[in-house]
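S.K.: Quick one: the structure is below, and I'll ask about it shortly.
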Amino acid sequence: MRPRVLTMDYINVPMALLQEVKEDPLQWSLVALSVAMKCLSPSSTYIFTSEKKFRSDFHLGYTKAHNLLDAIREGNSLFQMTTCPNGRQIIVARSLKKMYATQVTLKGGRKSLEMVVGKVKCCPRENLHVTEIESEMRQLLLLTNISAKTRADELQSKGLPLTGSASHAAKTILSVNYLAKATGRSPRTVSRMTKAARQQRMINVIQYPLVRCCNDILHTLPPDSVGKIIRIGFFGFTRRCNDYQLLSWDWRHRFQHILYGHRGRLTHNLVLHHNEVLSQTDLHALYD
């Protein structure tokens, strides 16, 4: 009897890919569509029968669906579209690991592919909303910076040395403008995103009070302070950038550096007893 397979929980999306397309709305939507197709089945295959059904399956409007299909037909690198002898068209979302993983040398001289990923929740196939996947990917870009800062602060509090990305994160000031650039959104949108994340108990935000630095902003404002001073009447104020802390353990585990040649993956053993369920997490550990 074949083992039953449960739906996997997450789709690994390269953070490099998200950074690459964060300011291009069409490309961003294509990445979200690729994730949606990977939620359909382990083979990432979608049988295209009509544009109307395509819109229904992924909950898309007419114009957006048309633009996405045009990009796929024109040869977008994330997809492969083929026509069967019976005239049916098949769209395959290509493997992101094969496209974005890089090769590194591990201890002992072994070679491995590595990839820094963000994990997008795998939606049920009957509830695939491309726009919701887009929003979640945008959250990944925001929270990966807060996660890195949180981890660096924790290492510092324990007196541990900081190297590499942790050292960079410790020196980073998460200003609204910095987060806006990191996510490809406007500062106002980032403020709304952090407010929503705080309300959902994903993050904690420490806000600092205003400090008066100028009594007559019209006559004593230094030239290099333009854009840094908050004006209230004739007074000028400054304020330290907010501090953020990632609270959600679910989100903290959704940023990973994967070594595909790690011994833990290569020696993954799995024993199934009668009527036991095989999860796709185990399935991908065996065949990824």
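The values are calculated or read from the model by the stated rules, or taken from the named source; none is laboratory data. Just so you know, these numbers come straight off a predicted model, no measurement behind them. Methodologically, a virtual Cβ is constructed for each residue, glycine included, from the backbone with ideal geometry; neighbour enumeration extends over all protein chains shown. The protein model used for the area step is the full one, side chains on, heavy atoms only, and it has no ligands, DNA or RNA in it. Shrake-Rupley method; radii C 1.70, N 1.55, O 1.52, S 1.80 Å.
S.K.: To the nearest 20 debye, what charge dipole does the range 115-249 have about its Cα centre, counting +1 at the Cβ of each Lys and Arg and -1 at the Cβ of each Asp and Glu?
M.R.: Charge dipole, the range 115-249, about its Cα centre: 120 debye, nearest 20.
S.K.: Determine the order of TYR46, TYR208, TYR178 by accessible area, beginning with the largest, at a probe radius of 1.4 Å.
M.R.: In descending accessible area the options line up as TYR178, TYR208, TYR46.
S.K.: Bin width 10 Å, origin at 0, all Cα-Cα pairs of the range 38-151: what percent of pairs per bin?
M.R.: Histogram of Cα-Cα distances, whole percents per bin: 11, 33, 33, 16, 6, 1.
S.K.: Filter the trypsin sites (Lys or Arg not before Pro) in the range 43-73 to those in DSSP coil with at most 12 other Cβ atoms within 10 Å of their Cβ, and list the result.
M.R.: Loop-located and lightly packed - none at all.
S.K.: In addition: Roughly speaking, what % of Cα-Cα pairs in the range 99-229 are separated by over 25 Å, rounded to a whole number?
M.R.: Considering the range 99-229, 50 percent of its Cα-Cα pairs are separated by more than 25 Å.
S.K.: Let me ask another. What percent do you get for the relative contact order of the range 21-70 when only Cα pairs under 8 Å and 6+ apart count?
M.R.: Relative contact order here is 30 percent.
S.K.: Now for a different question. Keeping every protein chain in place, order GLU154, GLU134 by accessible area at 1.4 Å, biggest value first, i.e. largest first.
M.R.: Sorted by accessible area, descending: GLU154, GLU134.
S.K.: Tell me which lysines have Cα within less than 30 Å of LYS97's Cα, excluding those fewer than 8 residues away on the same chain?
M.R.: Candidates past the 8-residue exclusion: LYS22, LYS38, LYS53, LYS64, LYS107, LYS111, LYS119, LYS121, LYS149, LYS181.
S.K.: Okay, next question. Quote to one decimal, in nm, the extra length available between ARG110 and PHE237 on full extension: 0.36 nm per residue of separation minus the C-alpha distance between them.
M.R.: Contour length minus the Cα-Cα distance gives 40.1 nm.
S.K.: What is the Cα coordinate range of the range 1-89 on the first, second and third principal axes, sorted by size from largest, in whole angstrom?
M.R.: Here the spans come out as 48, 37, 22 Å, largest first.
S.K.: Compute, for PHE235, the solvent-accessible surface of its heavy atoms (probe 1.4 Å) with the complete set of protein chains present, and express it in square angstrom to the nearest 10.
M.R.: Spelled out: PHE235, probe radius 1.4 Å, area about 80 Å².
S.K.: Also: Order LYS158, LYS111, LYS98, LYS22, most accessible first, counting only protein heavy atoms with a 1.4 angstrom probe.
M.R.: So, going from the largest accessible area down, we get LYS98, LYS158, LYS111, LYS22.
S.K.: Post the alpha-carbon centroid distance, the range 83-107 to the range 126-169, in whole angstrom.
M.R.: A separation of 26 Å, based on Cα centres.
S.K.: If you don't mind, another one. Which translational diffusion coefficient, to the nearest whole µm²/s, is obtained for the range 150-194 from the Stokes-Einstein equation, given a Kirkwood hydrodynamic radius over C-alpha pairs, 37 °C and 0.692 mPa s?
M.R.: My calculation gives 282 µm²/s for D.
S.K.: Let me ask another. May I have the pair-distance distribution P(r) for the range 128-174, computed from all Cα-Cα distances with 5 Å bins from 0 and rounded to whole percent?
M.R.: Percent of pairs per bin, in order: 5, 22, 23, 15, 11, 9, 8, 5, 2.
S.K.: Would you be so kind as to identify which of VAL104, ALA16, PHE79 lies farthest towards the positive end of the dipole of the range 1-156, taking Lys and Arg as +1 and Asp and Glu as -1 on Cβ and the Cα centre as origin?
M.R.: VAL104
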